[in-house]
Every structure is written in C-alpha cells, then in structure tokens.
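Colleague: Before anything else, here's the structure in question.
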Amino acid sequence: MLQRPLHLLDGVLLAPKRVPPIVLAVLAQLLALGLCSLLAWQAQAWGWPLSLGAALLLQSLCAVAFSYVLRMPVWWLLMQALFVPAVVFSQSLHFAPAWYLAGFVALVLVYWSTFTTQVPLYLSRRQVWRQVGAQLPARAGLRCIDLGSGLGGWVNFLARLSRDSHFQGIEAAPLPCLIGKLRTLFQSNAAIAWGDFWRHDLSAYDVVFAYLSPVPMPDLWEKARREMRPGSLFISYRFAVPGVVPSAVIELHDLGRTQLYLWRL
Ligand SMILES: C[S@@+](CC[C@H](N)C(=O)[O-])C[C@H]1O[C@@H](n2cnc3c(N)ncnc32)[C@H](O)[C@@H]1O
C-alpha cells in the first residue's frame, strides 16, 4: 500500500543527502528563464512583444512554479519570486561593481558555507548561557564545547563563570571565528578553533552544546551517540532531535518561548 503520494522527484530529492536548496534555486531560475525566453520569443512572433514589467512578472511566476515542483521550502518561494526583479532593480541604481564585490566578500566572510550547511549565524543570549551554566555538572575540570561557536559569546561567558573548567569553540566562518578568537585571547581556560565540527572528535568532552538549525540535528545526534562518552551531556538550544526524547527540557520563559534540550548519553 502507498504510504504517501508518489512524486516525480522522490528519487532525487529524498536521497539520503538532499540536494542543497541553493542548487535547486539556481536550477528553478534557469528553467524559468528558458521557459520565459521561449514564451517571449513566441509572443514577439505573434506581434505582442512583452514589456519589461510583464517579462519580470512571468519570470517570477515561472521561478515560483518550478521551485514548488522541486519541493523547495515555502520561504524560498518568496525569495525566488523577488530574485530577478531585485537584480534588475539593483542594475538601475548604477552602483560601482566594486560595491557588489565588497558586499559579496563580506557575506562570504560572515556566512561562509551556510549555503550547504543551512546553519546561518544568529546568536544565543546571556540568558541561554546562564541556563547552560546552571546545567553543568558540579565538578572541576570539565571540558565543554560549542559546535559552531559564532562570535564566541557562549565560550567567553562560561569560561569566566567556571574558571576551573575548559571551554572550546569551533567555528567554520572566518570573520565570526576571528572575533571569537580575539574575545578569548586572554582567557587561559577558553579557546576557539577555525574548522568544521563534523571533523572534530567529541569523545574528549563532558558537555557538548549546539545552537544550529533543524537540518543537521539527526546527523549530529548520530555523531554524538557514536563519539560522546557515557554520562556526558549533549545540549541543543531551540532545536530538538526528531524522534529522540530528551532527558530534560528547560523553558527559557522568553518572548520566543524557546527551550534548551538536554540528553544524557
Ligand atoms: C546559530 S549560530 C550559533 C552561534 C553560537 N553558538 C551562539 O550560540 O551564539 C551557528 C554557527 O554555526 C556555524 N557552523 C555551521 N556549520 C558549521 C560546521 N560544520 N562547523 C563549524 N561551524 C559551523 C555557523 O557558521 C554559525 O556561526
């Protein structure tokens, strides 16, 4: 019996590692461009040349339609609709090309591989760090790590709070990593490394903290189960592991009613 409707693209898009959305986005735009060019050419042949506004509208509609067929998440549809009109609009502003290059370089330095990891930079707050501090096991010499440490706020705060434990951060994006390194420069019990946490062994840590996105959580849980020692603590802020009941959930009582999820390995 069929469990769910079959989809033309099931084999491609439901493969174990999904195609990154950026690849689908470019594909949808190119397909839309091809179809719109054909339609515009045909309209011209019939003596009804398309205005720029009509062509942009057609491109946006086709891009949304192809993105929908390619099963892109809903929020991508809006971006897909606005992309080409935004490009055309920006051309009309006549900025020097160097500004676009500078903007691109700045985005790369801050967001780095977000287009594949689907984990952008957004920061947790002091209230979260305090709660994590309250959950640390009550003994000296703990080794703790923040996977994707952003600007190093978590590492910096907890290293000051618990001077007899060691706090490590690992961050892939160059600029946040540099800022984190500078913030922890004079803290003997803190360090930030530039790198990919998927390549970092978690067996040395008593506490592993992650504030990422829903996308990596299933794989991260597998990594934690494989590498973390029995008795150690895995903490995720905001994002649960689908299908795995946490050992504890802590309500933050903030505006977003966010939660800390704790798993005792
Ligand atoms: C949501 S931010 C959290 C920042 C910080 N932990 C905090 O709580 O404020 C996630 C960070 O993880 C980083 N990141 C994503 N994937 C990564 C990876 N595979 N290795 C290292 N850092 C990664 C991103 O660059 C981003 O800075």
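The values are calculated or read from the model by the stated rules, or taken from the named source; none is laboratory data. From a predicted model like this one, the values you see are computed outputs, not experimental measurements. Cβ placement follows ideal geometry from the backbone for every residue including glycine, while neighbour counts extend to all protein chains displayed. To get the accessible areas, we keep the full protein, side chains included, count just its heavy atoms, and leave off ligands, DNA and RNA. Shrake-Rupley method; radii C 1.70, N 1.55, O 1.52, S 1.80 Å.
Colleague: Just the number, please: percent antiparallel of the DSSP beta bridges in the chain, rounded to the nearest 5.
Modeller: Here the share of antiparallel DSSP bridges comes out near 35 percent.
Colleague: Moving to a separate point now. Give or take rounding to whole Å, what are the principal axis extents of the alpha carbon atoms in the stretch 10-93, in descending order?
Modeller: Each principal axis gives a Cα extent; for the stretch 10-93 these are 48, 32, 16 Å.
Colleague: Quick one: accessible area per residue over the chain, 1.4 Å probe, rounded to a whole number of Å²?
Modeller: Per-residue accessible area for the chain comes out at 59 Å².
Colleague: OK, next. What's the Kirkwood radius of the chain in Å, using all Cα pairs?
Modeller: Result for the chain, one decimal place: 21.6 Å.
Colleague: With a 1.4 Å probe and all protein chains kept in place, how do Thr258, Thr116 rank by accessible area, largest first?
Modeller: Thr116, Thr258
Colleague: Tell me the carbon and sulfur percent of the accessible area for the chain, rounded to whole percent, probe radius 1.4 Å.
Modeller: Ligands and nucleic acids excluded, carbon and sulfur give 68 percent.
Colleague: Oh, and also: Can you name the helices of the chain, as whole DSSP H runs, whose Cα span along the helix axis is 27 Å or more and whose Kyte-Doolittle mean is not below -1.0?
Modeller: Those that clear 27 Å and a mean of -1.0 are 21-45, 74-92.
Colleague: Below 8 Å, C-alpha to C-alpha, sequence gap of six or more: please give me the relative contact order for the stretch 10-93 in percent.
Modeller: 30
Colleague: Run the numbers on the chain and let me know its relative contact order in percent, using alpha-carbon pairs under 8 Å that are six or more apart.
Modeller: Taking the mean separation of contacting Cα pairs over the length of the chain, I get 12 percent.
Colleague: Moving on to the next point. Which value, in Å² and to the nearest 10, is the accessible area of Arg264 when all protein chains are kept and the probe is 1.4 Å?
Modeller: 130
Colleague: Could you please put Phe66, Phe104 in sequence from largest to smallest accessible area, using a 1.4 Å probe?
Modeller: Phe104, Phe66
Colleague: Can you give the calculated 222 nm mean residue ellipticity of the chain, where each DSSP H run of n ≥ 4 adds -39,500 (n - 2.57) and the sum is split over every residue, rounded to the nearest 500 deg cm²/dmol?
Modeller: -15000 deg cm²/dmol
Colleague: Something else about it: Dipole of the chain, Cα-centred, from +1 at each Lys and Arg C-beta and -1 at each Asp and Glu C-beta, to the nearest 20 debye?
Modeller: I would put it at about 600 debye.
Colleague: As a test question: what accessible area, to the nearest 10 Å², does Asp201 have when a 1.4 Å probe is rolled over all protein chains in place?
Modeller: 90
Colleague: At 1.4 Å probe size, with no ligands or nucleic acids counted, give the accessible surface of Leu178 in Å², nearest ten.
Modeller: 90
Colleague: Next question, about the same structure. Whenever you get a sec, line up Ser124, Ser67 from highest to lowest accessible area (probe 1.4 Å, protein heavy atoms).
Modeller: Result, largest first: Ser124, Ser67.
Colleague: Toward the positive end of the charge dipole of the chain, about the Cα centre and with charges on Cβ (Lys, Arg +1; Asp, Glu -1), which of Ala55, Ala106, Ile145 goes farthest?
Modeller: Projecting each Cα onto the dipole axis, the largest value belongs to Ile145.
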